[in-house]
Amino acid sequence: MRILIKNIKEIVQIAEPSRTILSGSAMSSLPSLNNAWLTINDDLIEDFGSMDEWNGVDDWTNLEVIDAADKLVLPCWCDSHTHLVFSGSRETEFVDRINGLSYEEIANKGGGILNSAKRLSRTSEEELFEQALARMKEISLQGTGAVEIKSGYGLSVDSELKILRVIKKLKSESPLSIKATFLGAHAIPTNYKDKRQDYIDLIIEEMLPQIKDENLADYIDVFCETNYFTVEEMSQVLEAGALIGLKPKVHVNQFTSLGGIQEAIKQKAISVDHLEVMEEADFKAVVSSDIIPTLLPSCSFFLKIPYAPAKELIKRGAPVALATDYNPGSTPSGNIPFVISLACIKMGLTPEQAINAVTINGAAAMELNEAHGSIGKGKKANIIITKKIPSYSYIPYSFGSNLIETVIISGNIQNT
Ligand code: NIG
Ligand code: FE
């Protein structure tokens, strides 16, 4: 399909060769072009430029023309941390929390991750796929064009593989670009409570070889946290993952600082995610490495826990990415525009920093930044066209409003 978008008020996030990942002060600039046109051919951006210098198109056959007067064009969001393959929902725990129970207390009485794992074990692969596909549709209409999806609500050989097979099927049947992460080490299942090492051995000896055989994952993750996995346990799992070519992206410092960041850096992780609790040594470790700190403000919003120190990380020169953490327990939302609003309102980021964090830097946290996260010739045709809005700062400002009119993914207009 060929598409021409004309009279665009502003194209935001124009690709520049130096902008493949943005750190520190570079996160404050957001290159744009006013009064512009853009063409798409098949699944790629063919060209773009200023309406003042527009010569028209040579061939109008099979060309869909979109008039974007007073509307903005942005690259689709790149959500680099989700758990969107899960079964059902956990709103009863949500009500328990309103009534005073903590996330930890709920987990201790059989809720939390283990509750989702129990439900998932009773759900067929087909049903799980249908639920996940509906969530993919939902996030695509909110502007997400590339997404990382973790397993982790299985916690048994069969269920973990079931989730990863669903993600593999999503890769072939959903228009979004997807990266799969194996998170077998999300929680210790109840039947392994007193034999933790046996569960880790199960991950290493039974899950990983099958994942390798069926080519089911791109990355490996561990929830390194008090009451979940220790730093030493994380390092065992990551080392085994590395042997089959899985790079780490890990959950660390959500509730406690255990040294997981330092270990993740040692294990050449791409990103360290959460970081709500940061000590001085943690800041130093992040900024003296290439790792991408990935922050999840809608999780803080939902659990009422502190927001990660996004501003301080940027001030110290880090390349901050922002993602949703879409999952049934701590963030039942895959809405990136809301993440942008929270980043501005609660973390104090500027709209430029927040938009960079969910586009180029989110793409980098999935190693998709060559083709995703910015608008340039030959990049993937993943495009958001907004409704008529005054500026890109209106997106975080008008929190909760749906300001997206059209989403194009891989060159195809998504139907509402
Ligand atoms: O990223 N932190 C670990 N895992 C998820 C939440 C898990 C759940 O409660 O289901 C997260 O927040
Ligand atoms: Fe998560």
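The values are calculated or read from the model by the stated rules, or taken from the named source; none is laboratory data. Fair warning: this is a prediction, and the values are worked out from it, not measured in the lab. Note that each Cβ is placed from the backbone with ideal geometry, even for glycine, and that neighbours are counted across all protein chains shown. To get the accessible areas, we keep the full protein, side chains included, count just its heavy atoms, and leave off ligands, DNA and RNA. Shrake-Rupley method; radii C 1.70, N 1.55, O 1.52, S 1.80 Å.
Taking the Cα centre of segment 77-364 as origin and assigning +1 to Lys and Arg Cβ atoms and -1 to Asp and Glu Cβ atoms, the resulting dipole is close to 520 debye.
Backbone amide hydrogens, once placed in the peptide plane, bring I404 within less than 5 Å of K387, excluding anything fewer than 5 places away on its chain.
In the chain, the longest principal axis of the Cα atoms and the axis of helix 336-345 are about 90 degrees apart. When you filter the GluC sites (Glu not before Pro) in segment 276-310 for DSSP loop state and at most 15 other Cβ atoms inside 10 Å of their Cβ, you are left with E279.
Amide H to amide H, with H built 1.01 Å from N, I220 comes under 5 Å of F182, K247, K249, counting only residues 5 or more places away or on other chains. Straight-line cross-link partners of K377 among the aspartates and glutamates, defined as a Cα under 15 Å from its Cα and at least 8 positions apart when in the same chain: E16, D42, D43, E46, D47.
Computed from Cα positions, the angle between helix 125-141 and the longest principal axis of the chain comes to roughly 40 degrees.
Could you size up the charge dipole of segment 166-300 around its Cα centre, putting +1 on the beta carbon of Lys and Arg and -1 on that of Asp and Glu, and report it in debye to the nearest 20?
Details: 13 positive and 21 negative charges, 85 e Å.
So the dipole magnitude of segment 166-300 works out to roughly 400 debye.
Our helix-only sum for the chain, with -39,500 (n - 2.57) per DSSP H run of n ≥ 4 divided by its residues, gives a mean residue ellipticity at 222 nm of -9500 deg cm²/dmol. In this structure the chain gives 39 Å² per residue of accessible area when probed at 1.4 Å with all protein chains present.
Taking Cα atoms only, the orientation of helix 231-243 departs from the longest principal axis of the chain by about 60 degrees.
For K346, a cut-off of 20 angstrom between C-alpha atoms picks up these lysines, skipping any fewer than 8 places away in its own chain: K304, K311, K315. Along segment 201-217 the Karplus relation, 6.51 cos²θ - 1.76 cosθ + 1.60 evaluated at θ = phi - 60°, assigns HN-Hα couplings of 4, 4, 4, 6, 8, 10, 6, 4, x, 5, 4, 5, 4, 9, 6, 9, 9 Hz to successive residues, with x for each Gly and Pro. Here the chain exposes an accessible surface that is 48 percent carbon and sulfur, computed with a 1.4 Å probe and the other protein chains kept in place.
Scanning residues 5 or more positions from A381 or on other chains, those with amide H under 5 Å from its amide H are L44, I45, S410, G411, with H placed 1.01 Å from N in the peptide plane. Positive end of the dipole of the chain (Cβ unit charges, origin at the Cα centre): among G362, F338, S80, the Cα lying farthest that way belongs to F338.
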